[in-house]
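We did not get these values from a lab; they are worked out from the coordinates using the rules stated. What you see is a predicted model, and the numbers here were worked out from it, not measured in a lab. So basically every Cβ, Gly included, is an ideal-geometry build from the backbone, and we count neighbours across all protein chains shown.
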Amino acid sequence: MNRERMNCMKKIYRMEDLDCANCAAKMENSIRNLNGVKKASVSFLMQKLTIEVEDEGQLEEIMKQAVSICRKIEPNCTILF
């Protein structure tokens, strides 16, 4: 297994009060563009955020930014940790 793959981390978070598929798409695009994010997916139907980061050490900071993005787009939406 190469070194890059070893540091990579994928996490799935439940979301609450995600009320709009269009909002989910906006969140996904914004989170996907954060530095350190390899992949991001927000499912309106499943109420889940799936995120893959380049380095496990960046996850906490990336998730702070993701929470901020979600609140700006849909203020009542919460990412459950």
*Sequence of Leu34, Leu80 once ranked by neighbouring C-beta atoms within 10 Å, starting from the fewest*: Leu80, Leu34
*Could you give the C-alpha radius of gyration of the chain expressed as a fraction of 2.2 N^0.38 Å, taking N as the number of residues it contains?*
1.06
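Quote the relative contact order of the chain in percent (integer), defining contacts as alpha-carbon pairs under 8 Å separated by 6+ residues.
Relative contact order, the chain: 40 percent.
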*What is the dipole size for the chain, taken about its Cα centre, with +1 at each Lys and Arg Cβ and -1 at each Asp and Glu Cβ, in debye to the nearest 20?*
160 debye
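For the chain, what does the helix formula give at 222 nm: sum of -39500 (n - 2.57) over DSSP H segments with n ≥ 4, over the residue count, nearest 500 deg cm²/dmol? Walk me through the numbers on the way to the answer.
On the way: 3 runs with 32 residues, N = 81.
Rounded to the nearest 500, it is -12000 deg cm²/dmol.
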_Using only Cα atoms and rounding to the nearest 10 degrees, what angle (0 to 90) does helix 59-73 make with the longest principal axis of the chain?_
20 degrees
*How do Ser68, Ser41 rank when sorted from fewest to most other Cβ atoms within 10 Å of their own Cβ?*
Ser68, Ser41
*Would you mind ranking Cys70, Cys20 so that the residue whose beta carbon has the fewest other beta carbons within 10 Å leads the list?*
Cys20, Cys70
*Two-site label geometry, Asn7 and Glu56: point separation in nm, points 7 Å out along Cα→Cβ*: 1.3 nm
